[in-house]
Amino acid sequence: MTANMKPNAPIGIFDSGLGGLAVLREVRRLLPHEDVLFLGDTARQPYGPQPVEEVRRYAVEITGYLAQQGVKLVIIACNTASVAGREAAQGCFPHLPVLGMIGPGIRAALDASQGNRIGVWGTAITVDSKAYDQLILQLNPGMEVFGATCPELLRLAEKGQVDDRPHLLSLAHGYFQPLASLGIDTLILGCTDLTCVRDIAEEVAGEGVKVVDPAQEVVREAHQILRDAGMLRSQKLGSGSYQFLITGDDQASFASFTARFLDLPRVEVERVGLAEVKAAS
């Protein structure tokens with residue numbers, strides 16, 4: 001971190017949509033005094049089906065925009081963007097810690113796994129990249145890793161359409177069975193949108209499978225980085241505040257879901273144009 005950064009500067013968090021709110025929820029729990037600037041790139045969601053190069057560009061653009069707003073740390077609260085663009089974003093903004101979802105989730109899964117067989121749910125980019133597989137095997141060559149995409153479950157979760165529990169359970173059962181047949185003992189929710197249906201995942205996985213949510217782990221990592229750098233916001237300033245921006249025009253629905261998900265009485269969401277976001281990089 002550079003000397004001109006201030007402890008009272010906000011943490012920047014971004015995702016393609018609602019899923020990144022899972023990370024913000026953990027910030028509220030583990031770093032309650034921190035201010036947060038949250039950006040949902042709803043105009044360009046979903047990231048999962050798009051080319052890796054495009055998603056990499058989005059990650060660099062949004063990191064640049066958040067840096068311009070004066071954040072002290074950025075969390076890419078999206079597994080797809082973490083795989084595609086975390087290294088590029090960190091390289092473009094070396095003064096600013098840029099955290100992704102992959103490493104923290106893996107460390108938690110390795111701690112949880114008893115049978116050395118880990119499953120990963122995620123988008124096509126995340127699963128096809130084998131980012132989880134490669135890093136897990138680097139850290140523990142004795143592990144076996146199996147990835148599975150769950151597109152329809154992700155589509156509903158990223159839109160906040162999570163009220164039809166029977167339908168969600170049916171989808172989740174279908175996506176989980178191939179992993180269950182391989183005998184996994186740990187399931188990584190390799191997309192922050194899946195945190196919205198974590199209870200569904202835990203129900204279909206059953207008591208014998210540990211479900212790992214990387215959102216909690218990445219916030220723990222952020223806490224350690226800020227603490228070691230002396231950049232935690234003073235507790236004397238009270239609870240943190242949250243600013244919400246989206247690139248699309250769905251402010252009302254985004255605000256409604258956010259208030260419900262974070263248990264807040266009221267949420268205001270502002271729109272920021274893609275031209276402004278792109279100009280910052």
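The values are calculated or read from the model by the stated rules, or taken from the named source; none is laboratory data. Everything numeric in this text was worked out from a predicted model, so none of it was measured. Here Cβ is always computed from backbone atoms with ideal geometry, including for glycine, and neighbour counts include all displayed protein chains.
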Listed by first then second residue, the pairs whose first member lies in region 39-51 and is part of a loop (DSSP other than H, G, I, E, B), whose partner is aromatic (Phe, Trp, Tyr) and modelled with pLDDT of 95 or more, with beta carbons under 8 Å and at least 6 positions apart or on separate chains, are Asp41/Phe14; Asp41/Tyr58; Tyr47/Tyr58
Quick one: what pairs do we get from region 239-261, first residue in the same structural domain as Val23 (by TED's automatic domain parsing) and acidic (Asp, Glu), second assigned to a helix (DSSP H, G or I) and surrounded by 15 or more Cβ atoms within 10 Å (Cβ to Cβ), C-beta under 9 Å, 6+ apart or different chains? Asp249/Thr42; Asp249/Ala43; Asp250/Thr42
Which listed residue is in a loop (DSSP other than H, G, I, E, B) and acidic (Asp, Glu), from Glu87, Glu34, Glu26: Glu34
Here's a check for you: in region 152-189, which residue that is closer than 19 Å to Phe254 by Cα and without any contact (Cβ under 8 Å) to a residue 60 or more places away in the chain is surrounded by the most Cβ atoms within 10 Å (Cβ to Cβ)? Leu153
Given the condition surrounded by fewer than 22 Cβ atoms within 10 Å (Cβ to Cβ), modelled with pLDDT under 95, in the same structural domain as Val272 (by TED's automatic domain parsing) and within 18 Å of Leu262 (Cα to Cα), answer yes or no: does some residue in region 40-56 qualify? no
Restricting the first residue to region 201-229 and requiring it to be more than 30 Å from Gln177 (Cβ to Cβ), which pairs with a second residue that is part of a loop (DSSP other than H, G, I, E, B) meet a Cβ separation below 6 Å and a spacing of at least six or different chains? His223/Leu31; Ile225/Pro97; Leu226/Leu232; Ala229/Met1
Selection over region 244-270 where residues are closer than 16 Å to Ala22 by Cβ and among the charged types (D, E, K, R) yields a count of 2
Filter pass, Ala148 being surrounded by fewer than 20 Cβ atoms within 10 Å (Cβ to Cβ), touching a strand residue (DSSP E or B) at 6+ places or on another chain (Cβ under 8 Å) and touching a residue at least 60 places away in the same chain (Cβ under 8 Å): no
Scope region 1-28; condition in contact (Cβ under 8 Å) with a residue 12 or more places away in the chain and over 20 Å from Leu245 (Cβ atoms); matching residues: Met1, Thr2, Met5, Lys6, Pro7
List the number of the failed condition for Arg266; all other conditions in (1) more than 19 Å from Thr123 (Cα to Cα); (2) surrounded by fewer than 15 Cβ atoms within 10 Å (Cβ to Cβ); (3) modelled with pLDDT of 95 or more hold. (3)
Out of (1) closer than 22 Å to Leu153 by Cα; (2) part of a helix (DSSP H, G or I), the one Gly64 does not meet is (1)
In the list Val60, Val36, which residue meets the criterion of being among the hydrophobic types (A, V, I, L, M, F, W, C), within 14 Å of Ser281 (Cα to Cα) and touching a residue at least 60 places away in the same chain (Cβ under 8 Å)? Val60
Check on Gly208, more than 26 Å from His33 (Cα to Cα), in contact with a Phe, Trp or Tyr (Cβ under 7 Å, 6 or more places away or on another chain) and either modelled with pLDDT under 95 or aliphatic (A, V, I, L, M) (or both): no
Looking at Gly64, Gly119 in this structure, which one is in the same structural domain as Val209 (by TED's automatic domain parsing) and either buried (at least 17 other Cβ atoms within 10 Å of the Cβ) or β-branched (Val, Ile, Thr) (or both)? Gly119
Mind listing just one residue for me: the one in region 93-108 that is in contact (Cβ under 8 Å) with a residue 60 or more places away in the chain and not in a helix (DSSP H, G or I) and, of those, farthest from Val23 (Cα to Cα)? His95
When both residues are 6+ apart or on different chains and their Cβ atoms are under 6 Å apart, which pairs have a first residue that lies in region 71-84 and is within 15 Å of Ile188 (Cβ to Cβ), and a second that is buried (at least 24 other Cβ atoms within 10 Å of the Cβ) and aromatic (Phe, Trp, Tyr)? Thr80/Tyr47
